[in-house]
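Bear in mind these aren't lab numbers, they're just calculated from the coordinates by the rules spelled out. Values in this document were obtained by computation on a predicted structure and should not be read as measured data.
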Amino acid sequence: MKKTNKNLLEEFIRVDHAGERGAIKIYEGQLLALNTFIKDSKLKKKIEEMKIHEKEHCDYFENEIKKRNITPTKFLPLWDLLGVSLGFGSTILGKKAAMLCTASVEEVIDEHYANQIKCLGSDEKKLKDKIIKFREDELHHKDIAYEEGATKKGLYSVLDKIIKTGSKIAINISEKI
């Protein structure tokens, strides 16, 4: 019976809370662009639906932070600002860029959650089951993004690398601080 290390567990919950909150902020930025400059009601509806899942995920980790008395990352205000900016900026670039933003973030999160699932012990079955479910939601979001036009062709490959690198940096910082 494998047991999860307490420090590792705190890192998982801290970073997952920050990540799910960051996803909400990205969608808020995208919705801001869609409500002000870019009129695409179909895309807006898809983003609003995905944001509902992220809210459910964030609420779960918010409760875990409180229940387990874990300090959230000190970088939440910065991640909020960067998330809204990324969402807004990618949407201003067009639908393909907006959807690539979602796909790129979800690809990083897929790998991130898969690693956490491998590390969680039997003493954290409820948490592990939630992360498995949330990972499935994130993979569904990635599929929606590609169905809606996300691409990595041409200059979009640069945007993909920038988003993935930024996401990985935020993960590494949020685990520790």
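Listed values, structure above:
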read-out: Under Karplus coefficients 6.51, -1.76 and 1.60, residue-wise ³J(HN,Hα) of the stretch 89-104 in Hz, glycine/proline x; value: x, 5, 6, 4, 6, x, 4, 4, 5, 4, 6, 5, 4, 4, 4, 5
read-out: Reachable lysines, given that their alpha-carbon falls under 18 Å from the alpha-carbon of LYS25 and they are not under 8 places away in the same chain; value: LYS44, LYS45, LYS46, LYS51, LYS55, LYS74, LYS95, LYS142, LYS164, LYS168
read-out: Most mobile of PHE61, PHE75, PHE12 in a GNM of the chain (Cα contacts under 10 Å); value: PHE75
read-out: For the stretch 39-51, 3J(HN,Hα) per residue [Karplus equation, 6.51 cos²θ - 1.76 cosθ + 1.60, θ = phi - 60°, Hz, x = Gly/Pro]; value: 9, 8, 5, 5, 5, 4, 4, 4, 5, 4, 5, 5, 4
read-out: Vicinal HN-Hα couplings computed from phi for the stretch 54-62 (Karplus, 6.51 cos²θ - 1.76 cosθ + 1.60; Hz; Gly/Pro x); value: 4, 5, 4, 5, 4, 4, 4, 5, 4
